[in-house]
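Engineer: Questions regarding the structure given below will be posed in turn.
Only the coordinates and a few stated rules stand behind these numbers; no lab work does. As the structure is a computational prediction, the values presented were derived from the model and not from experiment. Positions of Cβ are backbone-derived with ideal geometry, glycine not excepted, and every protein chain shown enters the neighbour counts.
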Protein chains: 2
Amino acid sequence: MANYSIGVDFGTESGRAMIVDVADGREVATAVYPYSNRVIDEKLPIAGKEIVLEPDWALQDPEDYIRVFQIAVPGALKQAGIDPADVIGVGIDFTACTILPTKADGTPLCVLPSYREHPHAWVKLWKHHAAQPEADQINETARQMGEPWLDRYGRKISSEWFFSKTLQIVNDAPEIYAAADRILEAADWVVWQLTGLETRNSCTAGYKAIWSKSEGFPSKEYFGALNPLLANVVEEKLGTVVTPIGQRAGGLTEQAAAWTGLKPGTAVAIGNVDAHVAVPAATVTEPGRMVMIMGTSTCDMVLGKEEHTVPGICGYVDDGIIPGFFGYEAGQSCVGDHFAWFVENCVPAEYVRDASARGLDIHALLEEKAARLKVGESGLLALDWWNGNRSVLVDVDLTGLVMGMTLATRPEEIYRALIEATAYGKRIIIEAFQNNGVPIHELVACGGLPEKNKLLMQIYADVIGLPIKLSASKQTPALGSAMFGAVAAGSAAGGYDSIYAAAQKMARLKDEMYFPNPENQKVYEQLYAEYVLLHDYFGRGENNVMKRLKSIKANAKK
Amino acid sequence: MANYSIGVDFGTESGRAMIVDVADGREVATAVYPYSNRVIDEKLPIAGKEIVLEPDWALQDPEDYIRVFQIAVPGALKQAGIDPADVIGVGIDFTACTILPTKADGTPLCVLPSYREHPHAWVKLWKHHAAQPEADQINETARQMGEPWLDRYGRKISSEWFFSKTLQIVNDAPEIYAAADRILEAADWVVWQLTGLETRNSCTAGYKAIWSKSEGFPSKEYFGALNPLLANVVEEKLGTVVTPIGQRAGGLTEQAAAWTGLKPGTAVAIGNVDAHVAVPAATVTEPGRMVMIMGTSTCDMVLGKEEHTVPGICGYVDDGIIPGFFGYEAGQSCVGDHFAWFVENCVPAEYVRDASARGLDIHALLEEKAARLKVGESGLLALDWWNGNRSVLVDVDLTGLVMGMTLATRPEEIYRALIEATAYGKRIIIEAFQNNGVPIHELVACGGLPEKNKLLMQIYADVIGLPIKLSASKQTPALGSAMFGAVAAGSAAGGYDSIYAAAQKMARLKDEMYFPNPENQKVYEQLYAEYVLLHDYFGRGENNVMKRLKSIKANAKK
């Protein structure tokens, strides 16, 4: 008799439930629920009321998350045609940092009539970008007070993270802050809804909420310096118990069993994050092999046995990805988005007609044309900063650059230069790890891009000079969550006792691999040297023209 | 009874004859003859023979020039319906440097059966770019020998110019060089065909053939150092008599009268160059007012009473534009071409559909969208070097750059940034003149672009901080030639005794003017400072990345 685990992956636009065979990781069935209220970035979804949001806000409706359990999970079960009793565990992963204020019993403030019309009562989605002033204050205060944890995060806390968003509530809506008994990650909130138990996972606590296993959260003095109301935020709103990922959070409540069609008591794993949960699903449970989760932006994850400060990475967390290792995270903020921008803004009508006549996607046509170019033939070089630079410069005010154009320059040459720029940016990240005590000798790619663009993968191998393997699953986060669900169940229930054991059986790579081509590598060495020169000139303060242009732009828009 | 003059303007693709009323410059009739053999850049136009040209070659057929006299001039006369006896003068202007080898009687070598199949026997058009090795040798030898004339040309002789092209004949085809009794500008050759007299005009001699009124041509020692065969090139192939522009070359021969339908003996002016002849046609016959001839590339002309070395300009020639003044020339190699490249390569299908639905030219649509942007709002900055930089860096190996892109950047923002980049480049040229003793207090624009793009003109006024007037004529070169034709006739025959007098009556400006907008100027001051910083960083050797990319590109194409 087979055992199954369900991974539930909460994305930006929808939630996905995937049923996986615990024995071999076979993906048996998948169902998706697109959130009815999607991303709320214009006005609150309250009938008959016009409550308009400020620019840069991005909210969600927590009831949409419950509907994923009510609709996607039963849908997947029905599709699979299996006995719910054979499902031994459930794991979830979520976008992060996505947080909400709740009452002591977990009721979101935004479902209560008295708070429903207040934007700060709703879920703040990861891409809510309105807390930049708060992030600036958090960083400035930390620098002034010499806070030791700043080094763990490349010396910069993002406006997307937990305390930036929380401080915005304190500053803008102290009454909401006061009304909130708890403020927590949506990842932990959905686990609470399944199990009836409030837990805090080590992954979001570490990467987004300035927690570490050895030092805990920042001090009361520090929080008090930000705002006296915030001094006791940990004790009052978070709690000090943080559970390592890989643990069992609890069992399904009767209510959650009714929502999902699963058995009450089914094991539920501690909450996790979409990118991080993909690491074991890409077979990586040991140091030396970096996982690249490549989509609109890219997350890079690597494990280390030792603690090292790596300048410019997003952060590192003990037990953050795989128990027993430091999980290092870096990222590039503009990868798939980069190519999408190009396709939307810079592709001539002739190419669109050509692609359409041949039944090709426009990306596929550009890839075909770009693949015919020899390395260096375009004479172009780009800096991949259309959305700022996450690692290793940690600077949202940097902008894109392309150079080397002549009157003979063609669109596919620019397209290729943009791909190459992201590869150079990746190599800078890898060298930052390698030069600071975190070895990397192999890359494993997952996410949407590697499937779609072989040229991109070959360019990455050639630029970086390392072999690249590909995750076999197209849904690595959901698979990873299912793996953690099987671990929560444990071997006695037909699951596994560790994520290592689960990865051995449930995670797989494709046979296909990309190896560096020595001829290409030679030319890319030269081009990479030019990239580094420009990267440092524009990115490290020698010529801050990009920031000055942004400031001129901000003034022009006033 | 009215008097008329005919201006014949020999362009790259066609020749144009325009009949002008001498009294007031009214343009009475125009006829165009498109050259039957156009630009010869693939194979010689010899039936049944396949004589293929090397890359970068660009030739023409001198018989096409004669057909302009035989077809366009009678065509214009017929259209005007005037008595040919009322035409008192003919002036011509030509592209330059466009040269051909002839026998002593002016017969082009390429019409003789024994040389017809030899590419070097044909006319080398201005854009024949195959003589770069010769130009390099000319410059290197001049630097080694400390030739004083190098300063007059921004310390660089172009591959397009007279001795680069002549040395190519010497090097590649000494038998053609030996067979040529004369080598001359096509401008002077067509005047020879009209008058039966060989003359050499001071404009092409000065700007293209290293001649100066006070110092003549370079020395025999210098030419001998280039190649012993070239030592006596001046005496053997050119002659030492150079006639200032503004003079009468001679009268129409019986044969030329038969071609054109004009009276034998009609006054013919000394030959001239299309860009230079436009200056008086744009009303400029005095210092301080720079003429910008704006098309695919741009020529900038300004007169000075004194001789000054201005680093990075194309050259200055005594009597080169208007007798009695030093004529200073600078230029930008990529202006209209820049925008054409953008439209061809970077405009999305949606814009093309939109323009077509509204019956707009795509440039007009982009201008409309770009005009809605405030100065600095795009956050973009570009270097206008898609075709290298003519002035003031004199470097064909520089390439284009755009920076400041974000995921929200739109095509019209890039389009506007390209326009702005050419305006910053123009300001650099103007400041080079101003800082080196050649004052400029007003700009006069002519050519195709100013007519078409009001936004571009306003941006130029705002960036440069000077008022811009527009030439009233859409055909300034043909008008200028007609003015010189009237001067060749002289006042006794109903014309004028000087180009100043002719300009007073025959040249006009539009009522429309562009004035700098002080609000815009303030922001452009900041943006220009950023442009200068990048211009010097990439253009003056601090980071030669553009040259290194070009060299990587050249290797990749091998």
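Engineer: Only sites in a loop by DSSP and with at most 12 other Cβ atoms within 10 Å count here; which GluC sites (Glu not before Pro) in the range B:29-64 make the cut? Provide the component values of the computation, followed by the final result.
Structural biologist: On the way: sites: B:42, B:50, B:63; in loops: B:42, B:50.
For GluC sites (Glu not before Pro) across the range B:29-64 that sit outside H, G, I, E and B with at most 12 neighbouring Cβ atoms in 10 Å, the list reads B:42, B:50.
Engineer: Here is a follow-up. Can you give the convex hull volume per residue for the Cα atoms of the range A:413-558, as a whole number of Å³?
Structural biologist: Working: hull volume 26.9 nm³, N = 146.
Normalising the Cα hull of the range A:413-558 by residue number yields 184 Å³.
Engineer: Same structure, new question: Hey, what's the Cα Rg ratio for the range A:170-302 versus the globular rule of thumb, 2.2 N^0.38 Å? Intermediate values should be presented prior to the final figure.
Structural biologist: Working: Rg = 17.3 Å, N = 133, 2.2 N^0.38 = 14.1 Å.
Working it through for the range A:170-302, the quotient is 1.23.
Engineer: Here's a follow-up. Sort all Cα-Cα distances of the range A:351-468 into consecutive 10 angstrom bins from zero, then give the percent of pairs in each bin up to the one containing the longest distance.
Structural biologist: Reading the bins upward from 0: 12, 38, 37, 12, 2, 0.
Engineer: Averaging sequence separations of C-alpha pairs under 8 Å and six or more residues apart, then dividing by the length of chain B, give the relative contact order as a whole percent.
Structural biologist: Dividing the mean separation by the residue count of chain B yields 16 percent.
Engineer: Taking only Cα atoms of the range B:278-335, what ratio of Rg to Rh do you get with Rh as the Kirkwood inverse-distance radius?
Structural biologist: 0.95
Engineer: Looking only at other chains, what is the average number of their beta-carbon atoms within 10 angstrom of each beta-carbon in A:349-355? Please list the in-between numbers first.
Structural biologist: Details: counts 9, 4, 3, 5, 1, 0, 0.
Whole-number average of other-chain Cβ neighbours for A:349-355 is 3.
Engineer: A further question follows. Run through the DSSP bridge list for the range A:8-165 and note the antiparallel percent, rounded to the nearest 5.
Structural biologist: Working: 16 of 19 bridges.
Roughly 85 percent of the DSSP beta bridges within the range A:8-165 come out antiparallel.
Engineer: Is the shape of the range B:459-504 rounded, prolate or oblate, going by the alpha carbon gyration tensor and its root eigenvalues a ≥ b ≥ c, with a/c under 1.5 for rounded and a/b larger than b/c for prolate?
Structural biologist: Details: a/c = 4.84, a/b = 2.79, b/c = 1.73.
Prolate shape, in that a/c is at least 1.5 and a/b is the bigger ratio.
Engineer: Something else now. Work out Dmax and Rg for the protein assembly as shown from the C-alpha atoms and quote the Rg first, both in angstrom.
Structural biologist: Spelled out, the Cα radius of gyration and Dmax of the protein assembly as shown are 36.8, 118 Å.
Engineer: Output the antiparallel fraction of DSSP beta bridges having both residues in chain A, as a percent to the nearest 5. If you can, show how the numbers build up before the last one.
Structural biologist: Working: 50 of 72 bridges.
Approximately 70 percent, going by the DSSP bridge assignments.
Engineer: Among DSSP beta bridges lying fully in the protein assembly as shown, give the percent that are antiparallel, nearest 5. Please report the intermediate quantities before stating the final value.
Structural biologist: Working: 106 of 150 bridges.
For the protein assembly as shown, the DSSP antiparallel bridge percentage is about 70.
Engineer: I need the per residue convex hull volume for the range B:79-170, using only the alpha carbons, in cubic angstrom as a whole number.
Structural biologist: Values: hull volume 17.9 nm³, N = 92.
Output value, Cα hull per residue: 194 Å³.
Engineer: Right, something else. What nm distance separates the two modelled labels at residue A:364 and residue A:344, each placed 7 Å from Cα along Cα→Cβ?
Structural biologist: About 2.3 nm separates the two model spin labels.
Engineer: Give the relative contact order (percent, whole number) for the range A:1-41; include only Cα pairs under 8 Å separated by 6+ residues. Could you put the intermediate results ahead of the total?
Structural biologist: Working: 67 pairs, mean separation 14.4, N = 41.
That works out to 35 percent.
Engineer: While we're here: Where in the range A:97-114 does the label zone of residue A:51 land, with the point 7 angstrom along Cα→C-beta and an amide N cut-off under 18 Å?
Structural biologist: Taking a point 7 Å out along Cα→Cβ of residue A:51, the residues of the range A:97-114 whose backbone N falls under 18 Å are A:99-103, A:107-114.
Engineer: Now for a separate question. Please rank A:317, B:394, A:39, A:191, fewest neighbouring Cβ atoms within 10 Å first, as an exposure proxy.
Structural biologist: Values: A:317 26, B:394 20, A:39 16, A:191 29.
Lowest count first: A:39, B:394, A:317, A:191.
Engineer: So the label point sits 7 Å from Cα along the Cα-to-Cβ vector; using that for residue A:155, what distances do you get to the other copies, in nanometres, sorted shortest first?
Structural biologist: With the label placed 7 Å along Cα→Cβ, residue A:155 yields 4.1 nm.
Engineer: Now a separate question. Taking the Cβ-Cβ separation of residue B:255 and residue A:397 as r and a Förster radius of 60 Å, what is the calculated FRET efficiency to the nearest 0.05? Write out the running numbers ahead of the final one.
Structural biologist: Working: r = 72 Å, r/R0 = 1.20.
My answer for the efficiency is 0.25.
Engineer: Do any GluC sites (Glu not before Pro) in the range A:489-558 lie in a DSSP loop with no more than 15 other beta carbon atoms within 10 Å, and if so, which?
Structural biologist: Values: sites: A:512, A:519, A:525, A:530, A:542; in loops: A:542.
Listed in order of number, the matching sites are A:542.
Engineer: Could you work out, residue by residue across B:543-550, how many beta carbons of other chains sit within 10 Å of that residue's beta carbon, and then give the average as an integer?
Structural biologist: Details: counts 4, 1, 10, 5, 0, 8, 10, 3.
Average neighbour count from other chains, rounded to a whole number: 5.
Engineer: Between their Cα atoms, which of A:553/B:426; A:165/B:369; B:213/B:237; B:49/B:127; B:103/B:474 are more than 27 Å away from each other? Could you put the intermediate results ahead of the total?
Structural biologist: Values: A:553/B:426 23 Å; A:165/B:369 37 Å; B:213/B:237 19 Å; B:49/B:127 24 Å; B:103/B:474 37 Å.
Flagged as over cut-off: A:165/B:369; B:103/B:474.
Engineer: With the alpha-carbon atoms as the only input, what is the per residue convex hull volume for chain B in Å³? Walk me through the intermediate numbers first.
Structural biologist: Details: hull volume 91.8 nm³, N = 558.
Spelled out: Cα convex hull of chain B, divided by residues, is 165 Å³.
Engineer: Something else about it: Regarding the range A:271-410, what's the average projected area of the Cα-atom convex hull, expressed in nm²?
Structural biologist: Working: hull surface 45.1 nm².
Projected area, direction-averaged: 11.3 nm².
Engineer: For residue B:156, list the aspartates and glutamates whose Cα falls under 14 Å from its own Cα; do not include residues on the same chain fewer than 8 positions away.
Structural biologist: Straight-distance partners of residue B:156: B:134, B:136, B:140, B:147, B:329, B:395, B:397.
Engineer: Then there's this: Ignore the peptide's own chain and count Cβ atoms of other chains within 10 Å of each Cβ in A:394-406; give me the average, rounded. Mind showing how you got there, number by number?
Structural biologist: Numbers: counts 0, 0, 0, 0, 2, 8, 8, 6, 6, 14, 13, 13, 11.
That works out to 6 on average.
Engineer: Here's another thing I want to ask about it. If amide H atoms are built 1.01 Å from N in the plane of the peptide, which residues on other chains or at least 5 residues away come under 5 Å of the amide H of residue A:396?
Structural biologist: Here A:389 satisfy the definition.
Engineer: Sticking with this structure for a sec: Restricting attention to the range A:93-169, which GluC sites (Glu not before Pro) occupy a DSSP loop and are surrounded by at most 14 other Cβ atoms within 10 Å?
Structural biologist: Working: sites: A:117, A:134, A:140, A:160; in loops: A:117, A:160.
Passing both the DSSP loop test and the Cβ count: A:117.
Engineer: Of A:426, B:208, B:550, how do they rank once you tally other Cβ atoms within 10 Å and put the fewest first? Working shown, then result.
Structural biologist: On the way: A:426 24, B:208 28, B:550 18.
With the sparsest Cβ surroundings first, the list reads B:550, A:426, B:208.
Engineer: For A:372, B:390, A:200, what's the fewest-to-most ordering of other Cβ within 10 Å of each Cβ?
Structural biologist: Details: A:372 10, B:390 28, A:200 23.
By the 10 Å Cβ count, ascending, the order reads A:372, A:200, B:390.
Engineer: Follow-up. For Cα pairs less than 8 Å apart in space and 6+ apart in sequence, what is the mean separation divided by the residue count of the range A:276-348, i.e. the relative contact order in percent?
Structural biologist: Details: 122 pairs, mean separation 21.5, N = 73.
Once normalised by length, the contact order is 30 percent.
Engineer: Step through the residues of the range B:389-399 one at a time and calculate ³J(HN,Hα) from phi using the Karplus curve (6.51 cos²θ - 1.76 cosθ + 1.60, θ = phi - 60°), rounding each to whole Hz and writing x for Gly and Pro.
Structural biologist: After applying 6.51 cos²θ - 1.76 cosθ + 1.60, I find 10, 7, 10, 9, 8, 6, 8, 6, 8, 7, 9 Hz.
Engineer: Here's something else I'd like to know. Could you tell me, in Å, what Rg and Dmax come out for the Cα atoms of the range B:27-130?
Structural biologist: Using the Cα atoms of the range B:27-130, the pair Rg, Dmax is 16.2, 48 Å.
Engineer: For residue A:337, which inter-copy label distances result when the label point lies 7 Å beyond Cα on the Cα-to-Cβ vector, reported in nm to one decimal and in ascending order?
Structural biologist: From this label point to the equivalent ones elsewhere in the assembly: 3.7 nm.
Engineer: Starting from a label point 7 Å past Cα on the Cβ side, list the distances from residue A:305 to the same position in the other copies, nm, shortest first.
Structural biologist: 8.6
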